[in-house]
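The values are calculated or read from the model by the stated rules, or taken from the named source; none is laboratory data. None of the values given here were measured: they were computed from a predicted structure. Here Cβ is always computed from backbone atoms with ideal geometry, including for glycine, and neighbour counts include all displayed protein chains. Surface areas here come from the heavy atoms of the whole protein model, side chains and all, with no ligands, DNA or RNA. Shrake-Rupley method; radii C 1.70, N 1.55, O 1.52, S 1.80 Å.
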Amino acid sequence: MPEITAPLCLLFDSDGTLVDSEILLAEVMGETLPEFGLPFSAQQYMEEFRGVRFLDIVLTIEQRVTPLTDARRSELEALMRQRMEQRMTAELQPIAGIPEALATLRDFPKSVVSNGPLAKIRCAMAATGLAHHFGENLFSAYELQVWKPDPGLYLAAAEAMGYPAERCVVIDDAAVGVQAGLEAGMQVIHLNHFADQESTPDGAIGITHAQQLAELIPQMAEKLSITLSDAIL
């Protein structure tokens, strides 16, 4: 098990938290699903399905319209992934404030924990120049076969990083990720891009800009260190 080297371990979501990929994904899905007879729009993704596993989105739309065969569903996903990788490679940018925050938080162990495939995570980190902050600490739901809002994904990442849940901080923008972190018994920071429309759940800390992480996380670490010292005494 890895050695604990800092008071807190940081578990970052990818899409919408580290990288500004949500609108790209929304547009790609809005383009691709209708080609397979499933009416869908970019706005629909942003309003109803942000952060949700792709298969669950497709199955939900199928229930509302018409079912696809397994072969057509596989063809749909392959085309969507291909188009998304092309868009990410050409256009993807980090979320505003994330590069600066990660540089400030360089002494904290950190990982990427995403509902997306591992290849997508690697592409996102490479395209935005964030890969060096995380190394091989990349955890995909597709590899572990557990998807947010199930807390198992964040718990598996914490175990691999060598930290107990109570010493992990989840940073996530989507409701499914915030729920997963809270149910995992972790501290949760909700990067709320739509604060005028969405509320931060009880138990999570809401912020509206990634630059706030640089100040907030050291404060959380200091508070935890004091608590641990008091417990020893």
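When only residues in region 76-109 that are part of a helix (DSSP H, G or I) and basic (Lys, Arg) count, which is nearest to residue 213 (Cα to Cα)? Checked region 76-109; the qualifying residue nearest to residue 213 (Cα to Cα) is 87.
Output the residues belonging to region 128-150 that are in contact with a strand residue (DSSP E or B) (Cβ under 7 Å, 6 or more places away or on another chain) and hydroxyl-bearing (Ser, Thr, Tyr). Scanning region 128-150 gives 128, 140. Cβ-Cβ contacts under 7 Å between residues 6 or more apart (or on different chains), taken from a first residue in region 81-106 that is among the acidic types (Asp, Glu) to a second residue that is open to solvent by 90 Å² or more (accessible area, probe 1.4 Å), are listed as 100/211.
Of all residues in region 1-50, those that are of a type outside the set (D, E, K, R), under 20 Å from the mean Cα position of the chain (by Cα) and part of a helix (DSSP H, G or I) total 12. Residue count for region 168-196 satisfying the condition of being open to solvent by 50 Å² or more (accessible area, probe 1.4 Å) and either of a type outside the set (Asp, Glu) or in a strand (DSSP E or B) (or both): 7. Take the residues in region 148-167 that are touching a residue at least 40 places away in the same chain (Cβ under 8 Å) and surrounded by 18 or more Cβ atoms within 10 Å (Cβ to Cβ); name whichever of them is farthest from residue 118 (Cα to Cα). Going through the qualifying residues, I end up with 167.
Residues considered: 72, 87, 53, 64. Of these, the only one that is within 15 Å of the chain's Cα centre (by Cα) and open to solvent by 20 Å² or more (accessible area, probe 1.4 Å) is 53. Answer yes or no: is there a residue in region 193-203 that is under 16 Å from residue 13 (Cα atoms) and touching a Leu at 6+ places or on another chain (Cβ under 6 Å). No, the conditions are met nowhere in region 193-203.
Selection over region 128-146 of residues that are of a type outside the set (Gly, Ala, Ser), within 19 Å of residue 52 (Cβ to Cβ) and open to solvent by less than 40 Å² (accessible area, probe 1.4 Å) gives a count of 2. Considering only residues in region 101-115 that are open to solvent by less than 10 Å² (accessible area, probe 1.4 Å) and under 10 Å from the mean Cα position of the chain (by Cα), the one that is farthest from residue 2 (Cα to Cα) turns out to be 114. Restricted to region 197-209, and to residues there that are closer than 19 Å to residue 19 by Cα and not hydrophobic (A, V, I, L, M, F, W, C), the residue that is surrounded by the most Cβ atoms within 10 Å (Cβ to Cβ) is 206.
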